[in-house]
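The values are calculated or read from the model by the stated rules, or taken from the named source; none is laboratory data. The structure presented is a predicted model; accordingly, all values stated were derived computationally and were not measured. No Cβ is skipped: glycine too gets one built from the backbone with ideal geometry, and neighbour counts run over all protein chains shown. The accessibility values were calculated without ligands, DNA or RNA, using every heavy atom of the protein model including side chains. Shrake-Rupley method; radii C 1.70, N 1.55, O 1.52, S 1.80 Å.
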Amino acid sequence: MTTTVPAPPRRRGPSPAAWSVTALVVVVHVLAWRGTDMSPAALATGWRGMADFLGDALPPDLDWDTVLGPSLRAAGVTFAIGLLGTSLSVPFALALAVLASRTTTYGPATYQVSRSVLSFLRSVPDVVFALIFVTAVGLGPFAGVLALVLHNIGVMGKLWAEAMEESDPGPRDALRVLGASRVQTVAHAVLPTVFPQLVGLLLYRLDVNVRSSLVLGLVGAGGIGFLINQSIKLFRFDQMATHILVVLVLVVAVDQISDRIRRRLA
């Protein structure tokens, strides 16, 4: 008795919608390539300029009195800008996150207004805020702190609001059945449930803000970014290399500390 082996199912080709999406992606990338003047040939022919730049930057200038010492002190200022820009934004970001979360807001109008405020603060780059505050309070780290506070409220408020929306509804509903107020529900059900996520997002923003404070120094907000900008203007690329190495150490240290804290919370 012979058995008939069924024929393998025929593989269906991509649908017209898939072809359309693929074509659209290709067209967008072609337009982006042309719009940004991408030129691998220019990169290949510019190797001599890059070699001259690296030759001027290496070896780094490690003189303690004039370069390395001021660089380390400026790195401390950069870390302080990122730290204060993160911590001072916490109460405002938390309040707006509660109002911008569907699970804790006080109504559709409050939800929309809070979301709009967060979107505005998030859409304005921290560099723009820094330029505004430099004209108000002058050059220095204070302008950088204020810029990071405003921008971080928008970013962290949105992230925290989304974390609250994904919280376990069980404790929240139980307190509401027992007659707890909205504030009590947030304090005793929502926040304890999402506390590890909130801290993890806060540490992530600290890492980002420390790096952002470096960029803010380029526009007059102080810190090691100011020294990098100054060394570039003076064509002291060996000093610039030293400052970049200090920045690398700072970023790695902040990342390692944040990672250990997140592991403890997990």
Chain lengthening between residue 102 and residue 229 when straightened (0.36 nm per residue, less Cα-Cα): 41.3 nm
By average C-beta atoms within 10 angstrom, highest first, the peptides 51-64, 116-129, 153-166: 153-166, 116-129, 51-64
Amide proton proximity set for residue 105, modelled H, under 5 Å, gap of 5+: none
Length released on extending from residue 26 to residue 176, taking residue separation times 0.36 nm less the Cα-Cα span: 48.8 nm
Of (i) 306; (ii) 173; (iii) 146, the label for volume of the Cα convex hull per residue in Å³ derived from the coordinates: (i)
Alpha carbon centroid spacing (whole Å) that separates region 240-266 from region 72-132: 23
Percent carbon-and-sulfur accessible area, the chain, ignoring ligands, DNA and RNA, probe 1.4 Å: 69
Gain on full stretching of the segment that runs from residue 95 to residue 255 - 0.36 nm per residue minus C-alpha separation: 54.9 nm
Residue among 191, 69, 53 farthest towards the positive dipole end of the chain, charges placed on Cβ: 191
Sites residue 136 and residue 113 - FRET efficiency at Förster radius 25 Å, r taken between beta-carbons, to 0.05: 0.45
Most to least packed among 22-28, 185-191 [average Cβ atoms within 10 Å]: 185-191, 22-28
Rel. contact order, % - alpha carbon contacts under 8 angstrom, at least six apart, the chain: 26
Simple Cβ-charge dipole of region 64-265, Lys/Arg +1 and Asp/Glu -1, about Cα centre, in debye nearest 20: 180
Top of 245, 234, 202 by mean-square fluctuation, Gaussian network on the chain, Cα under 10 Å: 234
Listed residues 86, 110, 45, most fluctuating in the chain (Gaussian network, C-alpha, under 10 Å): 45
Heavy-atom surface of region 64-265, accessible at 1.4 Å and reported per residue (Å²): 50
